[in-house]
Structure formats: C-alpha cells, structure tokens
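Step one of this worksheet: look at the structure below.
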Amino acid sequence: MLLNIDDSLITYLKNNSSNSDLIVEEVQALNNLSLAHRDRKHILIGTLNAVEFLKDFTPLDHSTQRVFSNLYSKFSFMGAYEEIFDSQILIKSREHIFSKDSIKEKIVFQVPITEFIDSESINRTALIGEDRTDCEFYEGLAKKYLKEKYGDISFSVNFHPENGGGDSTWKALKYYSENKKISITIADSDKRYPKSTVGNTLKKLRTEYKKHENNAITELVELTVREKENLIPPSFYLYCCNSSDTAKLKKLSLLEKSEEHFEKLFYLDYKEGLRVGNYKSDPKLQEYLIDSLNDIPNLASCRLEDLDVLPVLPENHCLIEGISTHISEYFSKGVFYNGLEKDLEEKLKVPDIPKHVIDELRSNIERKNKMFKHMPESFQVHLNEICKKLVDWGCSNNIFIST
C-alpha cells in the first residue's frame, strides 16, 4: 500500500530530537516503514520536507537513512504515485488519532506513527479470499492488469495470501483488523440474478467489516458478479480448458455473443451450471432467464416447454451444463502464471506434433498477452473496478535499494 509520511511527524521530531526518550518509538516505527519499502512489501513516500529531513536524521538506522536518500533523489516521481492510487496511509505524528477520510475522491487512512512500532503491523497486505485459489487468481489478475496498463514500472503488487475458509472467512477479517494488520477481503456475491440476495459468506463479512471499517486499515470488496469465475467470459476460458469442457464453453459463448443476453453470464453458476430443481423452485430466476433460454435454444439441454411433458427429470439434471470446478485454476495457471508458455515449450519437444496444435497455442498466448485489450467492454467494467482496488492495496516497491 502507499505509505505517505506527513509533515506533522517531521515537526514532532524536530521539536523533540534533543530528548531521545521522546522519539524512540518514532525511530523504531520509521525503521520498520523503511524496511517494508526496501523489502518490497509497500511503497513509502513523503513530502520533500520529510524525506530531506529524514535522510540526515542520525537516530535512524543507517539503512533507513539510505532509503530516504534514495527517495529524496527520486522525489520528482512521488507525485505520480498519489495520482495512480486511490487509497493511501498518511502517517501522522503521535498526537493524532486514527481516522478514515475521503479527500478529493481518495480514501486516506490517517494513522499515528505509533501504530507501526510493531514490525508485524507493516507486513505485506493480507489478501483474504474464500479459499487459496481465490488469492492466487486475484494476485495474478492484478499483476496482469499492471503489466498491460503500465508495462515495466517501478512498482508491483505483493500480497500475503490468506485462505479464509469459505463460510468462516469473516474470522480472518476479524483477526487482521483486531491485530492492526493491513488487509483486503474479496468476497463472491453469490447472486443468481441482479436483485437476488447475497450469500451467507458475504452477509457475515459485511457484519464483521462494519465493526472495523473506521478503526482498522481494512477493506471489503464485494464482487458485482456471482463469483470470481464470472469475471472472465467463456471464450477466454477456451485458452486453457480441458478438452471435455470445450463444448460446454462454446455453448456458454452463445450468451457472450448476444447483445441482449450477455448479462446472464455475470450470474450463471459456471461450475455447477443450472439444475432443473433450482430453476423450477425459483420463479424470479425463471423470469430472469426465460427469454435467454427461449432465444438461444442450443444453450439448454432441453426445451422449456418439454420440462413438464417429458418423463420426470431429476432435480439435479443440468438444464445448462456447468464446466470444470477447477476452471479458474486452469485459467489462472495458464494466463497469469505462464502456464501456456510452459505448455508450448513442452509441446515443441514432441516430434511430429501437428502444426495446428502449435499454431493454436501460439495464438492463445498472443491473445492472452493482451487480455484486457481483447476483453469485451461489459466484462472490463467489472475487472477494472476490482483490479484498481487490488493495485491500491497490494502495491509494493519494485526497485532494489542498496543499503
């Protein structure tokens, strides 16, 4: 996250530097903050007055002074960080109290320096997901977004992944907040259609978040789609799916191509599909989907009018087939973590492999390298919103600093 040293801290240090006992905690906290920057856990900046003073402030560790000397030499670039990021931590003197404010459409956590005496308080931002694969997906997504939007830059994202454990994810949010550790939690909405209720996991997270949102450095991001899988259109999953999923994804792509019905992809359960029992038992779901199922008959396994005249279909019969429960893991590995490139490297070692196989793989690599450029605009809206949050909360220095 962006850590910004306020001039109020410099004023306090100047006024009390003659008595080392009055600044010992400030010195310890500043050493911790500089270490977090140097170790690529966060990004540290400050006003020109602040970095100029701290680079020569002898009570600090020599390595800390070196960090501030480096910041002073690159001061002209610091303003760009404040433009890029919409959230930051403003580090104030000990007289100030913790507050969370909206300033010029930016979220600013105003935090007294004494909050960072414990080095654990300034560890990497915890990325709390409902399971481990969520964390891998979101960090990979954020790095992909950065690479495409900014190219080779002086910062990256670096999270501490935290597996929330599904329905008990609220406990992880509680732990990090009560222990004054920086965290961002991302939760599925589990909505089946735009006006349906959210899932129990998100309800519990909302309750817990309300207890901490104004007294801890934490954020709760609620997906505007059903689950993380719904952030990616079906045609993109074709880059790296199992052969058994190809036909199912091509069916779902019929929705993607429809200007009238593509929105349904944001709420359809990609993994489980749509079961007959779930469809029949929810009149509002039927109302939401009926036009799509009628207009795109190849989407469903049978015609709607046949549901009541065919021999009784079991409740768990798939009206719309789901795809692999691991589809987001395959996608994450292939697209975010160079799995497609590794696959190409292995296939090139195989003698007499068909040319079309290599050509298709190379084409997929080329398209995934410009994923956001090729992404349908309707999906970009959701992706840009979540990527911006991830970059704000996970940003970290990416430049080696010799100490």
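Annotation for the stretch 364-399 versus the stretch 168-243: alpha-carbon center distance of 18 Å. Extending 7 Å from the Cα toward the beta-carbon at both SER73 and GLN286 defines two label points whose distance is 7.2 nm. You can think of it this way: the chain between GLU213 and GLU360 has 48.2 nm of extra reach, that is 0.36 nm per residue less the Cα-Cα gap. When +1 charges are put on Lys and Arg Cβ atoms and -1 charges on Asp and Glu Cβ atoms, the dipole computed for the chain relative to its Cα centre reaches about 400 debye. With springs connecting C-alpha atoms under 10 Å apart, model the chain as a Gaussian network and identify which of PHE77, PHE379, PHE57 has the largest mean-square fluctuation. Of PHE77, PHE379, PHE57, the Gaussian network model singles out PHE77 as fluctuating most.
Lys/Arg Cβ at +1, Asp/Glu Cβ at -1, dipole of the chain taken about the Cα centre: which of PHE85, GLY165, LEU35 is farthest positive-ward? Sorting the options by dipole projection puts first LEU35. Extension gain for the segment GLU148 to TYR175, taken as residue separation times 0.36 nm less the Cα-Cα distance, is 6.3 nm to one decimal.
The residues packed around ASN316, meaning those with a beta-carbon under 11 Å from its beta-carbon, carry a net charge of -1 if Lys and Arg are +1 and Asp and Glu are -1. Think of the stretch 245-403 as a dipole: +1 on every Lys or Arg Cβ, -1 on every Asp or Glu Cβ, centred on the Cα centre; then among LEU299, PRO376, VAL391, VAL391 lies furthest on the positive end.
Taking the centroid of alpha carbons for each part, the stretch 264-323 and the stretch 1-52 are 59 Å apart. Near LEU252, once Lys and Arg are set to +1 and Asp and Glu to -1 for all other residues with Cβ below 15 Å from its Cβ, the sum equals -2. Full extension of the chain between ASN49 and HIS374 yields a length gain of 112.5 nm, computed as 0.36 nm times the residue separation minus the alpha carbon distance. Which pairs in the list LYS257/LYS284; LYS228/LYS284; LYS100/LYS373; LYS180/LYS204; LYS347/LYS370 are over 28 Å apart, alpha-carbon to alpha-carbon? Result: LYS100/LYS373 exceed 28 Å.
Modelled label positions at LYS250 and THR114, each set 7 Å beyond Cα in the direction of Cβ, lie 6.7 nm from each other.
At 4 °C and 1.567 mPa s, grab the translational diffusion coefficient of the stretch 191-233 from Stokes-Einstein with a Kirkwood Rh over Cα pairs, rounded to a whole number in µm² per second. Here the translational diffusion coefficient equals 109 µm²/s.
Annotation: amide H of THR185 within the under-5 Å range of ILE128, GLU219, LEU220, VAL221, sequence separation 5 or more or interchain, hydrogens built in the peptide plane. For PHE336, PHE331, the ranking by accessible surface with the largest value first comes to PHE336, PHE331, using a 1.4 Å probe. Taking Cβ atoms as reference points and 9 Å as the exclusive limit, the residues near PHE372 contribute a net charge of +3, counting Lys and Arg as +1 and Asp and Glu as -1.
In summary, the lysines within cross-link reach of LYS55, defined as a Cα separation below 20 angstrom excluding same-chain residues under 8 places away, comprise LYS14, LYS74, LYS92. Extending 7 Å from Cα along the Cβ direction at ASN15 and again at GLU345 yields two label points whose distance is 5.8 nm. Which one is right for this structure if semi-axes √(5λ) of the Cα gyration tensor in Å is calculated from it: [x] 31, 27, 19; [y] 54, 24, 19; [z] 48, 25, 16? So the structure-derived entry is [z].
One quarter of the convex hull surface built on the alpha carbon atoms of the stretch 318-378 amounts to 6.1 nm², the projected area averaged over directions.
The values are calculated or read from the model by the stated rules, or taken from the named source; none is laboratory data. None of these values were measured; they are calculated from a predicted model. So basically every Cβ, Gly included, is an ideal-geometry build from the backbone, and we count neighbours across all protein chains shown. The area values use the complete protein model at the heavy-atom level, side chains included, leaving out ligands, DNA and RNA. Shrake-Rupley method; radii C 1.70, N 1.55, O 1.52, S 1.80 Å.
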